[in-house]
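Asks: If you scroll down you'll find the structure; I have some questions about it.
All of the numbers you see were taken from the coordinates with simple rules; none came from a lab. Owing to the predicted nature of the structure, the values given are computational and were not obtained by experimental measurement. Note that we place each Cβ from the backbone using ideal geometry, even for glycine, and neighbour counts take in every protein chain shown.
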Amino acid sequence: MTFDYAPAPESRAVVDIAPSYGLFIDGEFAPACDGKVFKTVSPSSEEVLSEVAQAHADDVDRAVKAARKAFEKWSALPGAERAKYLFRIARIIQERSRELAVLESLDNGKPIRESRDADLPLVAAHFFYYAGWADKLDHAGYGQNPRPLGVAGQVIPWNFPLLMLAWKIAPALATGNTVVLKPAETTPLSALFFADICRQAGLPKGVVNIITGDGSTGAALVAHPDINKVAFTGSTEVGKAIARTVAGTDKKLTLELGGKAANIVFDDAPIDQAVEGIVNGIFFNQGHVCCAGSRLLVQESVQDELLDALKRRMQTLRVGDPLDKNTDIGAINSAEQLARITALVDAGEAEGAERWAPACELPGSGYWFAPTLFTGVTQAHRIAREEIFGPVLSVLTFRTPAEAVEKANNTPYGLSAGIWTEKGSRMLWMASKLRAGVIWSNTFNKFDPASPFGGYKESGFGREGGRHGLEAYLNV
Ligand code: TAP
């Protein structure tokens, strides 16, 4: 479904944003018990969008209790009944996708073209997909009568606020669990809008609870003694801390963490197509993508040709207002993230890599970073090892397929990889050697709810999406 968006000022009017929001607990919005709030800001204008309740540990407890109470009835519903609610939610998301896309672009900074054509269709598709599983769990390959776990505590990041919510909530509900979800501090609004959709869909009270807050709220949730499952997406550092909290308890845990994916281009690859894939791989969503193709590995013999074409293409990228449908690269999500990107880029220069960016004028207010390319990068450089989580590409070269595999795997992460070649046998050989959970060939950043997603090594464990995504929420 596509909409023709009005120019920026009118788009803003597409969605009503309340001046303040409470926590969504047991089907009602209510302030935090101590009345604390925080502001959520649009990263493209630094305008305060709304004030949102900051959940206290007692609020977390209240949300978990509501989810526990709701679990009894929700888990006892026939799968076909749960499916009806999920289908209804999916349809309302489609109906309200224009509002949601604008809201997501305002709160997160991502271009409206992406929230409209990528995030929202994927969010709805995810709910439709898991709705379809709700009455077929006996056929999921886990034997007769797989049982839900109970209450799931879910913590998500700011890069795909609504999509990460869908990845967490849809499989949990389909399998008969109830949830308490904490969105990231910088992007709470689409999760609160989703709470309203739950009410619109008539979802029983307490099945979904949304508690806004900061890292301390997430920590209180994962440490709560009465949750049965923790699902986390975010940084490897916080993921490790959560694993330590959960260790020794009977809580089931899945972690989706960081990445430093290699996008590998062989000399027989269709260069123009590869350039599009590289651009999509690193500049989609400002590079705030855990599976971003942030390391370009190019075969030496085509390096010059490829880099010339890539630089020409980068000169056409438009950075600016997320609500302008011609924008390719929106705002960096927060001042903190901008500082992190800037520090790593400075380190790249200090360590001797060569920095290049097209001439591009950045807006005066808000948080912005021009699409950037580093050549002369070695594996020892920080920009080749650490996740930048921004629109910054590090280019390395290789001569042989074996060298490409060695360099691609030379990272503590293992979330995704891309291979560009005409040779089918090489694709298969590479795919068998790369230590990455998702491997794309002659494409990049393609997602489908039927396809499991997740990492190797420090990119985490467990899979979301597909039949595999059910397992994380079932006693099997
Ligand atoms: P984090 O700082 O890890 O935050 C993720 C979520 O955890 C946020 O809701 C955060 O709350 C919360 N949190 C922070 N400290 C916590 C604690 N001690 N206990 C429990 N929860 C806590 O990551 P981020 O900056 O939002 O996101 C960027 C990172 O996420 C990148 O490294 C990226 O690779 C990774 N990521 C991975 C994936 C997948 S699928 N593997 C997808 C998206 C992002 P506040 O934001 O309110 O502080």
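Asks: Let me check I have the definition right: for the range 47-95, take the eigenvalues of the Cα gyration tensor, multiply each by 5, take square roots. What are those semi-axes in whole Å, largest first? Walk me through the numbers before you get to the answer.
Replies: Working: eigenvalues 155, 96, 3 Å².
Semi-axes (√(5λ), whole Å): 28, 22, 4.
Asks: A follow-up question, please. Given only helices, namely DSSP H runs of n ≥ 4 each adding -39500 (n - 2.57), what is the per-residue ellipticity at 222 nm of the chain, to the nearest 500 deg cm²/dmol?
Replies: On the way: 16 runs with 181 residues, N = 476.
Helices in the chain give a 222 nm mean residue ellipticity of -11500 deg cm²/dmol.
Asks: While we're looking at this one, here's another question. Order these peptides, 42-52, 420-430, by their mean beta-carbon neighbour count within 10 angstrom, highest first.
Replies: Details: 42-52: 18.5, 420-430: 15.8.
Per-residue Cβ counts within 10 Å, averaged per peptide and sorted highest first, yield 42-52, 420-430.
Asks: For the range 116-196, what does the equivalent ellipsoid look like in terms of its semi-axes, each the square root of 5 times an eigenvalue of the Cα gyration tensor, given largest first in whole Å? Don't jump to the answer; show the numbers that get you there.
Replies: On the way: eigenvalues 124, 45, 16 Å².
Computed over the range 116-196, the values are 25, 15, 9 Å.
Asks: Place +1 on the Cβ of every Lys and Arg and -1 on the Cβ of every Asp and Glu in the chain, take the dipole about the Cα centre, and give the residue among 384, 291, 137 whose Cα lies farthest towards its positive end.
Replies: With unit charges placed on the Cβ atoms, the residue in question is 137.
Asks: While we're on this one: Which lysines does residue 252 reach when only Cα atoms under 19 Å apart count, and residues fewer than 8 places away in its own chain are ignored?
Replies: Answer for residue 252, where 19 Å is the Cα cut-off: 65, 168, 182, 229, 240, 457, listed by chain and number.
Asks: Using bins 5 angstrom wide from zero, how does P(r) for the range 219-373 break down, in % of all Cα pairs?
Replies: 2, 8, 14, 17, 16, 13, 11, 9, 6, 4, 2, 0
Asks: In Å and on Cα atoms, what radius of gyration and Dmax does the range 237-280 show?
Replies: 18.9, 52
Asks: Next up: What share of Cα pairs, in percent, lie more than 19 angstrom apart in the range 340-476? Mind showing how you got there, number by number?
Replies: Numbers: 5779 of 9316 pairs.
Counting every Cα pair in the range 340-476, those more than 19 Å apart make up 62 percent.
Asks: Now for a different question. Name the residue farthest towards the positive end of the dipole of the chain from the options 398, 231, 165, assuming +1 on Cβ of Lys and Arg, -1 on Cβ of Asp and Glu, about the Cα centre.
Replies: Positive-most Cα among the choices belongs to 231.
Asks: Separate question: Simple spin-label model, 7 Å along Cα-to-Cβ: residue 318 to residue 365 in nm?
Replies: 2.2 nm
Asks: Work out the P(r) tail for the chain: percent of alpha carbon pairs separated by more than 32 Å, whole number. Working shown, then result.
Replies: Numbers: 43534 of 113050 pairs.
Percent of Cα pairs beyond 32 Å in the chain: 39.
Asks: Express in nm, to one decimal, how much length is gained between residue 138 and residue 439 on full extension, taking 0.36 nm for each residue of separation and deducting their alpha carbon distance. Don't jump to the answer; show the numbers that get you there.
Replies: On the way: separation 301, 0.36 × 301 = 108.36 nm, distance 2.96 nm.
Length difference between fully extended and current span is 105.4 nm.
Asks: Now, a different point. Show me the ranking of peptides 209-216, 177-184 by mean Cβ neighbours inside 10 Å, starting with the highest. Can you show the working numbers first?
Replies: Numbers: 209-216: 22.9, 177-184: 27.5.
Ranked from most to least packed, the peptides come out as 177-184, 209-216.
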